[in-house]
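The values are calculated or read from the model by the stated rules, or taken from the named source; none is laboratory data. Worth saying up front: this structure is predicted, and the values here are computed from it rather than measured. Positions of Cβ are generated from backbone atoms using ideal geometry, with glycine treated the same way; all protein chains shown enter the neighbour counts. To get the accessible areas, we keep the full protein, side chains included, count just its heavy atoms, and leave off ligands, DNA and RNA. Shrake-Rupley method; radii C 1.70, N 1.55, O 1.52, S 1.80 Å.
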Amino acid sequence: MSVIILGIESSCDDTSAAVFKDDVILSNIVANQDVHKAYGGVVPELASRAHQQNIIPVVEKAIKDAGIERDEVDAVAFTRGPGLMGSLLVGTSFAKGFALANDLPLIEVNHLHAHVLAHFIKEDEHDTDQPEFPFLCLLVSGGNSQIIVVRDHLDMEIIGQTIDDAAGEAFDKCAKIMGLPYPGGPLIDKLAKEGNAEAFQFSKPKIKDYDYSFSGLKTSVLYFLRDELKNNPDFIEENKADICASLQKTIIDILMDKVVKAAKETGITQVALAGGVSANSGLRNRLTELAKEKNWRTFIPKFSYTTDNAAMIAINGYHKYLKKEFIGQDAAPFARTEF
Ligand code: KG4
């Protein structure tokens, strides 16, 4: 018998609700919050207020677009963390209220696990393009850079992660140094397409095993630009595309060198990307090139599943539902997690 799962996501600045029938997506609604643009980053207090305003209409639309009635929902899955506490509280409280009012089981979801499980979202019942176990997942977002060995839907191990900034932060912070607006990642991606990736050299860190570090790169970019601007105040303006292309190539080199090492040493030949930075066209191209060269099977999520969305929460909820992994009404959200 099939089950209907309602997924709720509110960990940062996107309010989202999705409805699934088993592992097939029926709807996925995301309300973005424009209010943060003026501040150059997410303002937590404003994010929670916007979630509070958005959550009811977003859930109502997800249920309507799925073509189901509210009383057909079998379980509610919600992001318990990590994320901004005020934002998480809105989704968590809503999920609890919905579950209580409709007498439904409640399922907690770790936002990071959900990014990985986005690869199992089926567009319809015939969709079979999914990784087999085990596979490696490079999870790259604004807050995380991790290499994960995924052994089963609910069995994952982080084998490498950043010891300071995340890859997305490296994009955003370097963009800020160049005077580009937040979030800088998509803009660097766009400008890099017009530039020469070999024009400038930035330092790459030497970090052990599969771990990452991006704070040195940020400092290297800062000093490089400071020195160049002394000689030519228009240096950034005149070399924007080349700086972006060189910087993007360096970030991709750092990320993929460790993935290549992990694939070689674990013998795993299926590699997936997840998280906001997996939208980066250079990173996607590099993965495709490596796939040909190394004979890997690779998986790149649909753009709408790379950013924060409730579809990935609902698919995670579905797999926990199958294992009857439910949680009580006393569950409090967590801002940080050990994964
Ligand atoms: O997973 P995500 O949506 O949320 C957070 O972790 O907050 O990731 C957001 C990050 C930001 O740092 C943004 O600059 C980066 O993903 N990003 C990109 C691109 N699109 C989003 N970075 C590089 N290239 C892109 N096309």
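Annotations for the structure displayed:
- The range 244-316 and the range 209-239 have their alpha-carbon centroids 25 Å apart.
- Considering only alpha-carbon pairs that sit under 8 angstrom and 6 or more positions apart, the relative contact order computed for the range 150-294 is 29 percent.
- Cβ-placed point charges (K, R +1; D, E -1), dipole of the chain about Cα centre in debye, nearest 20: 680
- Taking the helices alone, the chain has a mean residue ellipticity at 222 nm of -14000 deg cm²/dmol, built from -39,500 (n - 2.57) per DSSP H run of at least 4 residues and averaged over all its residues.
- Among Ser304, Ser213, Ser16, the largest mean-square fluctuation in a Gaussian network model of the chain (Cα springs under 10 Å) belongs to Ser304.
- Estimated at 0.36 nm per residue, the fully extended path between Gln130 and Val3 surpasses their Cα-Cα distance by 43.7 nm.
- Whole-percent carbon and sulfur share, accessible surface of the range 232-339, 1.4 Å: 48
- Fully extended contour minus Cα-Cα distance, from Lys206 to Lys64, at 0.36 nm per residue: 46.0 nm
- Using a probe of 1.4 angstrom and keeping all protein chains present, the accessible surface of the chain works out to 45 square angstrom per residue.
- Here's the list of lysines a cross-link from Lys240 could span, going by alpha-carbon distance under 19 Å and ignoring same-chain residues fewer than 8 apart: Lys173, Lys176, Lys190, Lys193, Lys218, Lys230, Lys249.
- Top positive-direction residue, dipole computed over the chain with Cβ charges, set Gly275, Thr250, Gly7: Thr250
- If R0 is taken as 41 Å, the Cβ-Cβ distance between Ile163 and Val24 corresponds to a FRET efficiency of 0.55.
- A simple spin-label model places pseudo-atoms 7 Å from Cα toward Cβ; at Phe326 and Glu72 they are separated by 2.2 nm.
- Cα-centred dipole magnitude for the range 48-128, charges only on beta-carbon of K, R (+1) and D, E (-1), debye, nearest 20: 580
- Taking Cα centre as origin and charging only the Cβ of basic (Lys, Arg, +1) and acidic (Asp, Glu, -1) residues, the dipole magnitude of the range 58-185 rounds to 680 debye.
- Candidates Asp189, Asp308, Asp209: whichever shows maximal mean-square fluctuation once the chain is modelled as a Gaussian network with Cα springs under 10 Å: Asp209
- Highest-MSF residue in the chain out of Phe120, Phe200, Phe98 [GNM, Cα springs under 10 Å]: Phe200
- Among Val140, Val30, the sequence by solvent-accessible area, most first, with a 1.4 Å probe is Val30, Val140.
- In Hz, Karplus ³J(HN,Hα) per residue of the range 220-234 (6.51, -1.76, 1.60; θ = phi - 60°; x = Gly, Pro): 4, 5, 4, 5, 4, 5, 4, 5, 5, 5, 5, 7, 9, x, 9
- Note that the chain shows a convex hull volume over its alpha carbon atoms of 132 Å³ per residue.
- Length released on extending from Glu265 to Lys37, taking residue separation times 0.36 nm less the Cα-Cα span: 77.8 nm
- Label zone at Arg226 (point 7 Å along Cα-to-Cβ), backbone N below 17 Å, the range 161-178: 173-178
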